[in-house]
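Asker: Sharing a structure below in structure tokens format, with a few things to ask.
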Amino acid sequence: MSYRKKYKGYKCTNSQQGAKRCTAHSIKEDYLKETIISDLKNYVSKINKGEIYKKAKSKVTKKKNKNSELDTIQRELQKLDKQFEKLYLDKLEDVINERNFKMVLENIQSKQARLLRKKEELCKAIHNEKSVDDEYKYYKDKIDRIINFQEFDRFIVESLIDKIVVTEDKNTRDKRVQVYYKFN
């Protein structure tokens, strides 16, 4: 079948190939949409929206864990600062030799550099994120629009439907639509 803008629907192209392969039938786009939406609503009615919302909230909340990770990094940096102070005092009092001082100092500095890079990345990420409630509201609204078929476009049709077969009884000219979904 191919779309005919003039008829606002789909027309069977097999009928034009001769040998009475098919009847010259067509189907209106609106009728096809209604059929698909009706089928999909039946599937959606079995979905637990609460569970989907809970998963969305969980994903958004995981992002918020960046603040606690930032606090952990800050505590680690403070701990390293204290280690550095103690190391420096040990060096001044000749408790530790020069070779060991340099080795421990390099170790502390590399840990500090790694933590500071991670802290900077987290700060940027936190700055760019929306608040948890705003982000959750965005995803919840998006889920509702999809589930309630307020967003029903070609992309959704192509991602959910494998093929659509329209048959017509030659005698009664009744049309039958069979939709084959990718998830069935």
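Computed from the coordinates by the stated procedures, all read-outs in this text should not be read as laboratory data. Since the model is a prediction, treat every value here as computed from it, not as a measurement. FYI the Cβ positions are ideal-geometry reconstructions off the backbone, even for glycines, and counts take in every protein chain you see.
Asker: Can you work out ³J(HN,Hα) from phi for every residue in region 106-116, in order, using Karplus 6.51 cos²θ - 1.76 cosθ + 1.60 and θ = phi - 60°, giving whole Hz and x for Gly and Pro?
Answerer: 4, 5, 4, 5, 5, 5, 4, 4, 4, 5, 5
Asker: Which order do the peptides 43-50, 117-124 come out in when sorted by mean C-beta neighbours inside 10 angstrom, highest first?
Answerer: On the way: 43-50: 9.9, 117-124: 12.6.
Result, highest mean first: 117-124, 43-50.
Asker: On a straight-distance basis, which lysines could pair with LYS82 in a cross-link, Cα separation under 21 angstrom, same-chain partners fewer than 8 positions away excluded?
Answerer: LYS91, LYS102, LYS111, LYS118, LYS119
Asker: Let me ask something else. Would you mind counting up the charge near PHE183? Only other residues with Cβ under 14 Å from its Cβ, with Lys and Arg at +1 and Asp and Glu at -1.
Answerer: Surrounding charge for PHE183 is 0.
Asker: Could you order peptides 138-144, 3-9, 174-180 by the average number of other Cβ atoms within 10 Å of their residues, highest first?
Answerer: Top of the packing list down: 138-144, 174-180, 3-9.
Asker: Quick one: which residues, 5+ away or cross-chain, put their amide H under 5 Å from the amide H of TYR181? H built at 1.01 Å from N.
Answerer: ASP162
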